[in-house]
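Down below is the structure, laid out as structure tokens.
The values are calculated or read from the model by the stated rules, or taken from the named source; none is laboratory data. As the structure is a prediction and not an experimental result, all values here were calculated from the model. Using ideal geometry, Cβ is built from the backbone for each residue, glycine included, and neighbour counts are taken over all protein chains shown.
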Amino acid sequence: MVPVEEKNPGSGAFSAFAESVYARDTVRETCLEWQDRYGADVNLLLFACWFGLTRGEMPDGLMQQAVQLSSAWQEKITGPLRQCRRDMKHWHPGGVRTPRSPDYEALRAQIKAAELDAERQQEADLKALCDRHGSWRAPGPGQSGALVRANLALYCLEAGIIADPAELSPLVDQALKTA
């Protein structure tokens, strides 16, 4: 089996894919809605799509390991940074409303930057996990949509998300446009 990267250089660039697809308004809105409503991990939603487009159906155990890896990131690093950033948006020390100083806003921006850096590191860890599982053939013509949907359904199952994966159509549609 020829690794996808050798057949199509750059196709394995999960972080670049995630950044490109997430930059689209409908994708960002859908992913954040799932994050807030169901506790979904945006990186895993994007990972499921990327894998379906570049490698096909997830092999046994890979999504479970990806969920475990990402849950650790969310619990210890990314989640606390996100919560801190969100809290700072509306927080007033002691309940006293005072104008935000430039230093306060700079601190919030630094926390957001750290959150984004943590997400990129999580993406690198997901890609490394994927690479340890071997190489795959790129999906055949017309298979990508079904494989992306199957991987998203598997993610929902492994993460315990009780929702209709069809709600992720904007994400799937935009992911397929990158293929």
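Overview of values
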quantity: Any pair with Cβ under 8 angstrom, 6 or more apart, that starts in the range 153-170 at a residue that is on the phi < 0 side of the Ramachandran plot and part of a loop (DSSP other than H, G, I, E, B) and ends at one that is among the charged types (D, E, K, R) and surrounded by fewer than 17 Cβ atoms within 10 Å (Cβ to Cβ); calculated: ALA163/ARG37
quantity: Residues of the range 143-159 satisfying the condition of being loosely packed, with under 15 Cβ neighbours inside 10 Å and in contact with a helix residue (DSSP H, G or I) (Cβ under 7 Å, 6 or more places away or on another chain); calculated: none
quantity: Residue in the range 104-124 that is in a helix (DSSP H, G or I), touching a Cys at 6+ places or on another chain (Cβ under 7 Å) and more than 24 Å from GLY61 (Cβ to Cβ) present; calculated: yes
quantity: Residues that are surrounded by 14 or more Cβ atoms within 10 Å (Cβ to Cβ), out of contact with any Phe, Trp or Tyr (no Cβ under 6 Å at 6 or more places or on another chain) and of a type in the set (A, V, I, L, M, F, W, C), drawn from the range 117-134; calculated: ALA118, LEU129, CYS130
quantity: Single match in MET63, MET88, MET58 (criterion: touching a Phe, Trp or Tyr at 6+ places or on another chain (Cβ under 8 Å) and over 24 Å from ASP164 (Cα atoms)); calculated: MET88
quantity: Pick from the range 7-19, criterion buried (at least 16 other Cβ atoms within 10 Å of the Cβ) and not aliphatic (A, V, I, L, M), ranking: modelled with the lowest pLDDT; calculated: SER11
quantity: Members of the range 31-56 that are within 15 Å of GLN122 (Cα to Cα) and not aliphatic (A, V, I, L, M); calculated: ASP41, ASN43, PHE47, TRP50
quantity: Checklist (1) free of Cβ contacts under 8 Å to residues at least 60 places away in the same chain; (2) not in a helix (DSSP H, G or I); (3) not hydrophobic (A, V, I, L, M, F, W, C) applied to ASP36, failing item; calculated: (2)
quantity: Candidates GLY94, GLY140 - the one that is in a loop (DSSP other than H, G, I, E, B), loosely packed, with under 14 Cβ neighbours inside 10 Å and of a type outside the set (D, E, K, R); calculated: GLY140
quantity: Criterion: under 20 Å from ALA159 (Cβ atoms) and small (Gly, Ala, Ser) - qualifying residue of GLY134, GLY94, GLY52; calculated: GLY52
quantity: Filter result for the condition that a residue is without any contact (Cβ under 8 Å) to a residue 24 or more places away in the chain and assigned to a helix (DSSP H, G or I), over ALA128, ALA175; calculated: ALA128
quantity: Residue match in the range 71-79 (condition: in contact with a helix residue (DSSP H, G or I) (Cβ under 7 Å, 6 or more places away or on another chain), free of Cβ contacts under 8 Å to residues at least 40 places away in the same chain, farther than 30 Å from GLY145 by Cα and surrounded by 13 or more Cβ atoms within 10 Å (Cβ to Cβ)); calculated: no
